[in-house]
1. Given R₀ = 22 Å, FRET efficiency for THR95-THR21 by Cβ-Cβ distance, to 0.05?
2. Got a sec? Charge dipole of the chain, +1 on Cβ for Lys and Arg, -1 for Asp and Glu; which of PRO98, LEU205, SER22 is way out at the positive end?
3. Percent relative contact order of segment 115-165, based on C-alpha pairs within less than 8 angstrom and at least six residues apart?
4. Please report, as a whole percent, how much of the solvent-accessible surface of the chain comes from carbon and sulfur atoms (probe radius 1.4 Å).
5. Rank TRP81, ALA3, ILE45 by how far each Cα sits towards the positive end of the charge dipole of the chain (+1 on Lys, Arg Cβ; -1 on Asp, Glu Cβ) and give me just the farthest.
6. Roughly how far apart, in whole Å, are the Cα centres of segment 35-101 and segment 105-133?
7. Size of the dipole of segment 65-169 about the Cα centre, Lys and Arg at +1 and Asp and Glu at -1 on the beta carbon, nothing else charged, in debye to 20?
8. Pairs LYS30/LYS69; LYS69/LYS127; LYS65/LYS181: which exceed 19 Å Cα-Cα?
Amino acid sequence: MTAEELQSGYVFLLDKPLDWTSFQAVNKMKYKLKREFNLPKKFKIGHAGTLDPRATGLLVVCCGKFTKKIPEIQDAPKEYWTEIKIGVQTESYDTEKPEILQQDITHISDDQLREALEKFVGEIEQKPPVYSAIKIDGQRAYNLARAGEEVEMKSRKTTIFYLQDIKIELPLVSFTVGCSKGTYIRSLAHDIGQELGVGAYLTQLRRTKIGDYTIENATADFLENEYRFENL
């Protein structure tokens, strides 16, 4: 890899770790590339689809002229490995906030769970979480929520292509979900809990695929070794 190749266009597949923002991962990558290859200050780099800090997995990073590919990659279908906890909720729909509203789930059967999941396959209406990066009147929803302000999120259409590899070990349920751009898996977890009448929230999320890019070809080395890029 050379500085000329990077500026002509390059795609990196990163395995984002837990509690890193997508912005932090890209900045880390940018710093190392600029230092290693003596790139100009205006070197272009960006990610093709945000991952929440509490999620791990595939982050596609484009640099140089390939930053023009970002909208195309963002529009591609996504796949996630997902784990949710049944019978309890959180305000953030994930592990950022503490558990609340615990419910008895002894009456919930495996068949009920599978039937509830099946109802979410296809085009659905979904409200994004209040603790999300969506802008409301120019401000991020999560900033408004953390400031104690009431935030009204508007429903939007999204598509769940499949829910498969379902494993039930109550109170935990895991599955692989294929979905369209703009799907909030945290909201899916919450809505499944509402469908069951006992609540649920997202405990783990790992993005495994964006279009033709897969987690198997991604690396976390950009966090561990300052100058190692040959395997990216």
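1. Values: r = 15 Å, r/R0 = 0.70.
Computed FRET efficiency for THR95 and THR21: 0.90.
2. Going by the Cα projections, it comes out as SER22.
3. Numbers: 61 pairs, mean separation 24.6, N = 51.
It comes to 48 percent, rounded to a whole number.
4. Values: 5530 of 12310 Å².
The value for the chain is 45 percent carbon and sulfur by accessible area.
5. The Cα lying farthest towards the positive end belongs to ALA3.
6. 22
7. Working: 16 positive and 21 negative charges, 154 e Å.
Its charge dipole is roughly 740 debye.
8. Numbers: LYS30/LYS69 17 Å; LYS69/LYS127 28 Å; LYS65/LYS181 23 Å.
The answer is LYS69/LYS127; LYS65/LYS181.
The values are calculated or read from the model by the stated rules, or taken from the named source; none is laboratory data. These figures come from a predicted structure and were not determined experimentally. Cβ coordinates were reconstructed from backbone atoms using ideal geometry, including for glycine residues, and neighbour counts include every protein chain displayed. All accessible areas refer to the heavy atoms of the entire protein, side chains included, with ligands and DNA or RNA removed. Shrake-Rupley method; radii C 1.70, N 1.55, O 1.52, S 1.80 Å.
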